[in-house]
Structures are given as C-alpha cells and as structure tokens.
Amino acid sequence: MTLLALGINYHDAPLVIRERLAFPSEILSISLQELSRLKEITEAAILSTCNRTEFYCQLENNNQQVVIDWIANNRHIDASEFTPYLYSHMDGQLIRHMFRVASGLDSMILGEPQILGQMKTAYQQACAAGTLGKYLGKLFQHTFSAAKKVRTDTAIGSSPVSVAFAAVRLAQQIFDQLSEQTVILIGAGETIELTARHLYQQGIKRIIIANRTFDKAHALAAQFNGYAIALSELPSHLAEADIVVSSTASQLPILGKGLVESAIKKRRHKPMFMVDLAVPRDIEPEVEQLDDIYLYTVDDLRHTVNEGLNSRREAAEQAEEIIATEAEHFLDWLRSQNAQSTIIDFRQQAQQSRDEALVKAMAMLRRGMPAEQVLTRLAHNLTNKLLHTPSTQIRQAGASERHDLIAAAREIFKLQDPQ
C-alpha cells in the first residue's frame, strides 16, 4: 500500500497548464469516482485551486503512471505537456507536503489562510463522492490538526503580507469597531477584491464598490453583500464613507482635494481614512493637507508589508518544526497499522480459548461440581491454554539460539530482566 500525491503548482507550471488541469466543482464528484474506480486505486481526493492542482491517492502499489494516464485522459491533454511540471510525493514526504500546504508554507503568499479552507473543501467533496477511506481520511484529519497547531503556536498568519491586508489592519488600528464603519472601494480588480474579502471577514458594516464598469462592480459587491455604484456616482456617496480604498488603472486622479473637502464638510468633519493603492495615484496628494483626513499610499504600507514578511519567515521556521513532529506522529500511526491484523488474529485466538474453557466450566457446573472448584479449573485450564503456544515458541527460540526472539518476547510481555 502506497500513499501518493501528484500535482502541479504556481512554482513551476505556467498558468496555461494550470488552467487545463483545473477541476471545476461541478465535475469533481464524477471525476473522483472515475479515478477511484481504477483497480490500482482504493482512495482518492483532488485539491484544485487557481495556484495548484493535487491528486491524493492510496495505491495498491507504487505505480504512479496509472494516475498520470488518467489525468491526461480526463483533461484531454497529452501527458508530455504537463509531466515536465509534475511533482510527486509518497508516504512520509506526502504527509509533510500536505501539512505544509494546509499551513500556508507552500503558498504564493506565505502563511495565507485560504488554502486550509480549500483543503477542507477538497476533503468534504471526496467524502461526499465516497472516495475516502481509512488512510486518506485519517491523513486529512491529521493535516487539519497540524495546520491548526501551526496557526495557534506560531505567528505565521498574524502579520500583513499584502498591501490589501496591511490596509485593513491599519483601518482596525484607527477604528475601534469596523462593524460600525462604511467603506467605499474604488475599482474591481484583484487588489480591491482581496481588500473587500478581508474587510468582510472582519465584519465591516457596509461595503460600497465604485467602478467605471457597473456590471463588474455589481458582480464583486454581490459576493460580500455590498452595494455597487458607477464611478460617476462617487461624488454623491463619498460622504458616506468612513474608509476609502482605491486601486484602479486610471492615468489621472479620481479623487481631488475639492471633492474630498466637500465630503468632509457633509460629514461635519468626522474623520475619513483613505488608502491609495494605485500607481499612478488615484487620490491627489494635496488631499493629505485636509484636516480629518488620514491618507496613506502604497509606499506608506510597504514597510508594514516587509515587516510582516520577515515576521512570517521567522514563524515559518517554527512551523516547519511543528510539521516535522506532527508528520512523525502520523507515520507512527501508519506503521502501527501493519501490526493490526496480527493483533486481531491474536485476540481472536485468545477469545476462542476463552470460549472453549467456558463451555467446559459450564458443563462442570451442570454436573453439580462445586463452583469454587469449577472456577479454579477454569483459571488453570485457560492459563495453560493461553501460555502453551508462546512457551513452546520461546523454548524453540532458545534451542535455536534466537536471542532476538527471546528479547522480543521479554519486551512484548513486559518481563523484568533476569538478575
């Protein structure tokens, strides 16, 4: 039996290959069932994100080619197109790899938490498809425990490592309760989406998204229970904002000093926190001169991001130690399963001896033999029965000078060493 992980990720595989090996959620269940129906595969799960696709399998042997051939056939791609970017991990390496992935140590953004949720989704989808069993199921559960321990015992996720995250963290320092604040996000690109997600997770009261293309603003706002407006509507809504974050590709400023000054007057000088993440800038630099305005640019946040990266790198070293320990614990459990059948056979043999001795004892009682005498014989006969085979084997080991077996017997039965 072999545990195997095959995958591609952002480290080496170009986007065009990652796209072709992606598994949309609507086909994942059927794909998992097809994969697990291969005679060499007894368990299977698939993790598919924008940065990686990984296949976790339990194989009857170590022939990973069967998985490669299935991927090529399922995704309608020649194997030669993706195998140069393919990596594989087996058994101990696989365990450590899954722990590192779930903990964010193999992510594009070191320590990012989204990957753990994505891995939990992969587990749930495999459970629903009926393709997980004893070994992969146990491995996923241990993976989640290891990732939780990394999050709890290190600072891997506590420091901002993106300007979007840094902006939200700064907003939390300025406002006691984000749940009481309104934010206007200008733009609809990746940075604004990430900012919206962070704010939404922190319980922001209200999200307004402004963009030149209203449909894009609406699509993004819908993800976070927000409200979309066209960029032309911004002047009439700006005064509602306690927080403004802007990141567009505009070559000219979107917010000028006069517009912001007018909004502050409507707010009766209630402070406004503004973050300009655009290059060129979306907010005129002169806005910073206004009272009750706290304006930060991408350069202002860069120091925070660099500090966060250094902090996470230090935490990652601690995380690697935790993962090494947790991986060894799972390997111990895995190795113990090799002895499970022996334990079962031994217990069944002992139970059979018990049942045979009990039948004889019951017969003695029915013949009227005193109970005390029956119990004495039961104990004597059962002891002899249980010890006969081990005693014979140990005696033969001594005759054959198999000192290793004798030492093993003393350890198994916890016998004190002879004086």
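The values are calculated or read from the model by the stated rules, or taken from the named source; none is laboratory data. None of these values were measured; they are calculated from a predicted model. Quick reminder, even Gly has a Cβ in these numbers, built from the backbone with ideal geometry, and neighbours come from all protein chains shown.
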Condition test on LEU105, is it under 14 Å from the mean Cα position of the chain (by Cα) and aliphatic (A, V, I, L, M)? yes
Suppose the filter is outside the structural domain of TYR135 (by TED's automatic domain parsing), surrounded by fewer than 14 Cβ atoms within 10 Å (Cβ to Cβ), within 30 Å of SER158 (Cβ to Cβ) and of a type outside the set (D, E, K, R); does ASN384 pass it? no
Enumerated helices (runs of 4 or more DSSP H) restricted to the range 127-236, each holding at least 2 residues that are aromatic (Phe, Trp, Tyr) and farther than 19 Å from THR248 by Cα: 134-153
Checked against (1) farther than 27 Å from THR304 by Cβ; (2) surrounded by 14 or more Cβ atoms within 10 Å (Cβ to Cβ), VAL245 satisfies every condition except (1)
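Conditions (1) touching a His at 6+ places or on another chain (Cβ under 9 Å); (2) under 23 Å from VAL168 (Cα atoms); (3) modelled with pLDDT under 95; (4) loosely packed, with under 14 Cβ neighbours inside 10 Å, marked per residue:
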position	(1), (2), (3), (4)
ASP276	no, yes, yes, no
GLU288	no, yes, yes, no
TYR296	no, yes, yes, no
GLN318	no, no, yes, no
ILE322	no, no, no, no
SER336	no, no, yes, yes
GLN348	no, no, yes, yes
GLN351	no, no, yes, yes
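Among GLU34, GLU43, which is modelled with pLDDT of 95 or more, in the same structural domain as GLN124 (by TED's automatic domain parsing) and touching a helix residue (DSSP H, G or I) at 6+ places or on another chain (Cβ under 6 Å)?
Going through GLU34, GLU43 in turn, the sole match is GLU43.
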If we scan the range 215-229, do we find a residue that is surrounded by 23 or more Cβ atoms within 10 Å (Cβ to Cβ), assigned by TED's automatic domain parsing to the domain that holds ASP291, over 18 Å from TYR296 (Cβ atoms) and without any contact (Cβ under 8 Å) to a residue 60 or more places away in the chain? yes
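Residues being farther than 18 Å from ALA196 by Cβ and either outside any loop (DSSP other than H, G, I, E, B) or among the hydroxyl-bearing types (Ser, Thr, Tyr) (or both): count how many of those fall in the range 239-271. Break it down into steps so the answer makes sense when it comes.
Our first condition is that a residue be farther than 18 Å from ALA196 by Cβ; within the range 239-271, this holds for 239, 250-253, 255-271.
With either outside any loop (DSSP other than H, G, I, E, B) or among the hydroxyl-bearing types (Ser, Thr, Tyr) (or both) added as a condition, the list becomes 239, 250, 255, 257-266.
Residues flagged as farther than 18 Å from ALA196 by Cβ and either outside any loop (DSSP other than H, G, I, E, B) or among the hydroxyl-bearing types (Ser, Thr, Tyr) (or both) within the range 239-271 amount to 13.
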Would you check if there is a residue in the range 61-80 being closer than 18 Å to ALA128 by Cα, free of Cβ contacts under 8 Å to residues at least 60 places away in the same chain, not hydroxyl-bearing (Ser, Thr, Tyr) and not in a helix (DSSP H, G or I)? no
Testing TYR56 on (1) over 25 Å from PHE165 (Cα atoms); (2) part of a helix (DSSP H, G or I); (3) among the hydroxyl-bearing types (Ser, Thr, Tyr), one condition comes back false. Which one is that? (2)
Flagged in the range 5-30 as over 19 Å from the mean Cα position of the chain (by Cα) and hydroxyl-bearing (Ser, Thr, Tyr), in numbering order, are SER29
